[in-house]
Amino acid sequence: MTVYAVTGATGGLGGDAVRALIGRSVAPADIVAVVRDIDKASELTDAGVAVRVADYADRDALEAAFAGVDRLLFVSGSEVGQRLPQHTNVIDAAVSAGVGLVAYTSILRADTSPLQLAGEHLATEKLLADSGLPVVLLRNGWYSENYLASAPAAIESGVFYGSAGEGEIAPASRADYAEAAAAALISADAGQVFELAGPQHLSYADIAATFTEVSGTPVRYEDLPESDYAAALVGAGVPAPFADVLANSDAGVAVGALDSDSTDLVDLLGRPATGFRDVVRHGIVATP
């Protein structure tokens, strides 16, 4: 019997990964869901998954949560700027608990990416390499869902703003990244690196065209300098540090940092990836 664990299991990616493990015939009793808040884990407990409580800031709780775990899906922390100390706790706890393999959700081409977001991921990859743990790297590209927050305002105003120039992205749905992670957790060998991205190559003009197609309302893309786009995000209520990260990511799109020809995602899925238009259509319909 192999025991699998997933951190951040009440979050979007982690929760989808638990469901994907079950969908790939892993018995719920053989899955450990590591969560911060037990009150948010009723779906997991109802499904028969073992739920253990641990915060990334609590190394001892993490070590207890990882007891008996053979293969761990380590979903990167969500607090940009705080990830490195938190990730250090996760890695140290995995070492102490004797985890057999760690699959870490990093960022596309972390070792060469110009994105600000890549820094903490690359540092985590180095910590993992130095830990002696058997490691699999899941280098995720951009989620298709990252653009859903922009869709309502773009459709209402007729303008989708960004700072990506004519660059392209290769997005994939969160559920597809999660299913690929589950597949890798089950079958990948230590040392494998997966560059995960969708098969479509979309410019921001293409994204605006998708908003148009799905909503029936004309939407065009307007490109802004990175600093102007960051200021616009702040004006829309995004905290300045995060606005800078988002604008920097768009600037990365302009130079191809989130585009890829890798087939690793669809190879792990064993099926076609979910199209960007389908994610947008579902997201717009689901938005109140």
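The distance from the alpha carbon centre of the stretch 82-149 to that of the stretch 221-259 is 23 Å, rounded to a whole number. Counting every other Cβ atom within 10 Å of each residue's Cβ, LEU73, LEU258, LEU148 order from fewest to most as LEU148, LEU258, LEU73. Relative to the longest principal axis of the Cα atoms of the chain, helix 118-131 runs at roughly 20 degrees.
Helix 276-286 and the longest principal axis of the Cα set of the chain meet at an angle near 90°. For the stretch 82-90, putting each phi into the Karplus relation 6.51 cos²θ - 1.76 cosθ + 1.60 with θ = phi - 60° gives couplings of 10, 5, 4, x, 5, 5, 4, 4, 4 Hz, in residue order, rounded to whole numbers and with x for Gly and Pro. The long axis of helix 174-187 is offset from the longest Cα principal axis of the chain by roughly 30 degrees. Normalised by residue count, the stretch 1-58 yields a Cα convex hull volume of 70 Å³ per residue. Computed 3J(HN,Hα) for the stretch 222-231, one whole-Hz value per residue from the Karplus formula 6.51 cos²θ - 1.76 cosθ + 1.60 where θ = phi - 60°, is 10, 8, 10, x, 3, 5, 5, 5, 4, 5, glycine and proline marked x.
Return a whole-number percent for the relative contact order of the stretch 4-140, with Cα pairs under 8 Å and 6 or more residues apart as the contact set. Here the relative contact order equals 21 percent.
Mind listing which trypsin sites (Lys or Arg not before Pro) in the stretch 12-93 are in a DSSP loop and have 11 or fewer other Cβ atoms within 10 Å? Can you show the working numbers first?
Values: sites: ARG19, ARG24, ARG36, LYS40, ARG52, ARG59, ARG71, ARG83; in loops: ARG24, ARG36.
Here no trypsin sites (Lys or Arg not before Pro) fit, given the DSSP loop and packing criteria.
Where a number appears in this text, it was derived from the coordinates with a stated rule and is not lab data. Just so it is clear, the model here is predicted, and its values are computed rather than measured. Note that each Cβ is placed from the backbone with ideal geometry, even for glycine, and that neighbours are counted across all protein chains shown.
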